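Chemist: To start, I am sharing the structure in question, which I have written as structure tokens.
The values are calculated or read from the model by the stated rules, or taken from the named source; none is laboratory data. What you are looking at is a predicted structure, and each value in this text was computed from that prediction instead of being measured. Please note: Cβ atoms are built from the backbone with ideal geometry, for glycine as well, and neighbour counts cover all protein chains shown.
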Amino acid sequence: MTPARTRRTVSMGTLSLLILMGSMWGLQFSMLKLAGRGAYSDLSIVAMSLVLLSSAFLLVSWASGELFRPTRRQIPFFVVTAVLGYILPLIATLHASDRLEAGIITIVACLAPVVTLAAAPTLAAERISLRQALAVALGCASVLMIMLPELDFPGQGRIPWLLVALTIPVCYGLESVYVSRFWPQDLTPLQLVTGETLVATILVAPALLFWGEGLPNVAQWSESETGIVIFVAAGVIEGVAYFRIIQTSGVLFVNFGTFVGLITGVLWGILLFGERHGSVVWLATVVLAAALIVVFRDMAQSRGNNPCRHGQTR
């Protein structure tokens, strides 16, 4: 896709969709934090969320005429992407949200494109460029700016939970590289995310039956159920917006939703939980934004960008 074509197809409607997509992605971290404050275990929340997400994407796939039957060769692909794209990041987010603000988790999660940039040349046995090294250095600097003040607290403050939160971008970044290399050529992005959520549900559902608390009790609706339902709704809205942007404006433009998610994720935490952040955290956000700019400049000059969701959002 040429730059001229991208400029022609990025309309105000597409820009609005980008803002909506990023806002919903940022909202999901706050909703997981809200869900985690209830009586359900992390595994139960993950299982219930995946059941609802996979059902919603199956419905969207059916309505758009993109239902498909996975082949035996595609199953290992979906298992890997289900674990890296949903199961591990969701569990890590819920575990970290016990001690970290939703805004901090969002900032850390936005490192995913930086992890992708760092992992791709490493796995391909290629030399990393100066631009890639700069992006990785800026991304690492943003995390260190958040972590270092925690060293002044007894027991190293919240560093253990920050390390858990780092699982999120690592999983998303590695998944982006994996999908880019092994994407089944006959699958659309909608089919990929549908198969991914469905396999994730199948892998996690037994945990809900054997170790979970069962299905939500509608008669005793709490903030946990509210968080799960809004998390799923936001995920579906984000996914549909993503596919629409891909169709109209291409892969490079849709990745700029990470900037929107970075800002709105912090703002959702302030609005919903009254979170407050010091000057160091805001400076770390600026540094991370600079890293993302370098990442996307590198993407613009690379060939064969694959429309993988997790390098951009989630």
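Chemist: Only one residue in I128, I91, I105 is among the β-branched types (V, I, T) and at pLDDT below 90. Which one?
Modeler: It is I128.
Quick grid of which residues meet (1) closer than 17 Å to L203 by Cα; (2) surrounded by 20 or more Cβ atoms within 10 Å (Cβ to Cβ); (3) of a type outside the set (S, T, N, Q):
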| site | (1), (2), (3) |
| --- | --- |
| S49 | yes, yes, no |
| V60 | no, no, yes |
| S64 | no, no, no |
| F68 | no, no, yes |
| A82 | yes, yes, yes |
| A96 | no, yes, yes |
| R99 | no, no, yes |
| I107 | no, yes, yes |
| V115 | no, yes, yes |
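Chemist: Just to verify a result, which residue in segment 257-314, among those that are of a type in the set (S, T, N, Q), at pLDDT below 70 and buried (at least 22 other Cβ atoms within 10 Å of the Cβ), is farthest from T116 (Cα to Cα)?
Modeler: T313
Chemist: Given (1) within 25 Å of L174 (Cβ to Cβ); (2) under 16 Å from the mean Cα position of the chain (by Cα), identify the lone condition not met by L43.
Modeler: (2)
Chemist: Let me ask another. Just give me the residues in segment 261-276 being within 24 Å of A241 (Cα to Cα) and of a type in the set (A, V, I, L, M, F, W, C), in sequence order.
Modeler: Within segment 261-276, L262, I263, V266, L267, W268, L271, L272 qualify.
Chemist: Determine, yes or no, whether Y172 is of a type in the set (F, W, Y), closer than 27 Å to E101 by Cα and part of a helix (DSSP H, G or I).
Modeler: Taking the combined requirement at face value, the residue satisfies it.
Chemist: Report the residue count in segment 25-56 for those that are under 13 Å from I87 (Cβ atoms) and free of Cβ contacts under 8 Å to residues at least 60 places away in the same chain.
Modeler: So the count comes out to 1.
Chemist: Given the conditions (1) in contact with a helix residue (DSSP H, G or I) (Cβ under 6 Å, 6 or more places away or on another chain); (2) at pLDDT 80 or above, which single one is not true for A120?
Modeler: Every condition holds for A120 apart from (2).
Chemist: Yes or no: I107 among the β-branched types (V, I, T), assigned to a helix (DSSP H, G or I) and free of Cβ contacts under 8 Å to residues at least 60 places away in the same chain?
Modeler: Judged against the criteria, I107 is not a match.
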